[in-house]
Each structure stands twice: as C-alpha cells, then as structure tokens.
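Chemist: Before we start, here is the structure in question, set down as structure tokens.
Just so it is clear, none of the values below were taken in a lab; they were calculated from the coordinates. No experiment lies behind these values; they were computed from the predicted model shown. For neighbour counting, all protein chains shown are included, and Cβ atoms are generated from backbone atoms with ideal geometry for every residue, glycine included.
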Amino acid sequence: MLNEFKAFILRGNVLDLAVGVIIGGAFTAIVKSLVDNLINPLIGIFVQNGALAKLTFKLGNATFAYGSFLNDVLNFLITAFIVFILVKSVNKLFVSTKKADEEVVQEDPLDIQNKTLLEIRDLLKQK
C-alpha cells in the first residue's frame, strides 16, 4: 500500500497540480495586494468613503457590505484576466514551436534525394 501511495504521489500530474496550487495561492496574494493597495485607492477617489470595501447599506437591522463583495469580484476578474493572458501567451509559444517542428518533419527524404540528384546532374552538364 505504501508503494502504491508513493507511485500515486510521484506521478507527474499530481506534482504538477501541487505546484499549480502553491503558485496559485501566491498569485492570489499578489492580486489581492494589487487590488487593495493600488486599485481600491483609485476607486476611493470617486467613492465618498475612500475605499470600496467599506461600502455598506442598512436594511432594518441587517448591514450589507456590498463593497466587500465588489472588491472580491474585482479580485476575481483581475485574476481571471491575468491567467487568461498567461495561458494565451503559453499557447502561442507552444503553437509556434509545434509549427517549427512540423516544418522540419515535413521535409521528405525523397525530396532531399531528388534535389541532390538534380544538383549533381546540373554540375555534370556544366562540365
């Protein structure tokens, strides 16, 4: 059972997922800092309270912190946009690499042989 667990943990997909989760957590902290320290103060210029997260309204005895919700939505949208840009960039990189590999593979050995034979023929005609 221990060997099976070791084989499971050492699979590439599990390790890739673990790395992705760890980097995702760190990335979320960076985006949260971006929103809290840079974007919210900009929004605060236009909002009377000075910060998006402080926006609330009362309905009876209940207080609704819609500013916190808007802040979380903003965090999500920024994170999603940056991940979209990263994925798009990586896909573009892999597609260009794949096309270059296909171009090298597509050159037929018979074509190379025919070109060489034509060159030899042309050289013999010149002599």
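Chemist: Arrange Ser33, Ser68 by Cβ neighbour counts within 10 Å, fewest through most, would you? Mind dumping the intermediate values first?
Modeler: Details: Ser33 10, Ser68 14.
Neighbour counts put them in this order, fewest first: Ser33, Ser68.
Chemist: Between beta-carbons, use under 15 Å as the cut-off and find the net charge around Phe76, counting Lys and Arg +1, Asp and Glu -1. Each step should come with its number before you reach the end.
Modeler: Working: positive: Lys32; negative: Asp36, Asp72.
Computed value for this residue: -1.
Chemist: With no solvent and one equal point scatterer per Cα, compute the Debye intensity ratio I(q)/I(0) for the stretch 8-47 at 0.19, 0.32 Å⁻¹ and report its log10, rounded to two decimals.
Modeler: The computed values of log10 I(q)/I(0) come out as -0.61, -0.92.
Chemist: Here's another thing I want to ask about it. Which one of Leu42, Leu93, Leu74 has the biggest mean-square fluctuation once the chain is modelled by GNM with Cα springs under 10 Å?
Modeler: Leu93
Chemist: Anything in the chain that counts as a DSSP H helix reaching 30 Å or more along its axis (C-alpha) with Kyte-Doolittle mean of at least 1.0? List them, would you? Each step should come with its number before you reach the end.
Modeler: Working: long enough: 12-34 (32 Å, 1.56); 66-106 (58 Å, 0.74).
Passing helices, by number: 12-34.
Chemist: Specify which residue in the list Ser96, Thr28, Met1 is farthest towards the positive end of the charge dipole of the chain, using unit charges on the beta carbon of Lys, Arg (+1) and Asp, Glu (-1), about the Cα centre.
Modeler: Thr28
Chemist: When the dipole is taken about the Cα centre of the chain, and only Lys, Arg (+1) and Asp, Glu (-1) are charged at their Cβ, what size is it in debye, to the nearest 20? Please list the in-between numbers first.
Modeler: On the way: 13 positive and 12 negative charges, 70 e Å.
So the dipole magnitude of the chain works out to roughly 340 debye.
Chemist: Kirkwood Rh over alpha-carbon pairs of the chain, then Stokes-Einstein at 10 °C and 1.306 mPa s: what D in µm² s⁻¹, rounded to an integer? Let's see the in-between values first.
Modeler: Values: Rh = 21.0 Å.
Answer from the Stokes-Einstein relation: 76 µm²/s.
Chemist: Connecting C-alpha atoms closer than 10 Å in a GNM of the chain, tell me which of Thr56, Thr79, Thr28 has the biggest fluctuation.
Modeler: Thr56
Chemist: Next up: Quickly estimate the mean residue ellipticity at 222 nm for the chain, helices only: each DSSP H run with n ≥ 4 gives -39500 (n - 2.57), and the total goes over all residues, rounded to 500.
Modeler: On the way: 5 runs with 97 residues, N = 127.
Mean residue ellipticity, 222 nm, calculated: -26000 deg cm²/dmol.
Chemist: Sticking with this one: Please work out how many pairs of lysine residues in the chain are eight or more positions apart (or on different chains) and have Cα atoms closer than 27 angstrom.
Modeler: 9
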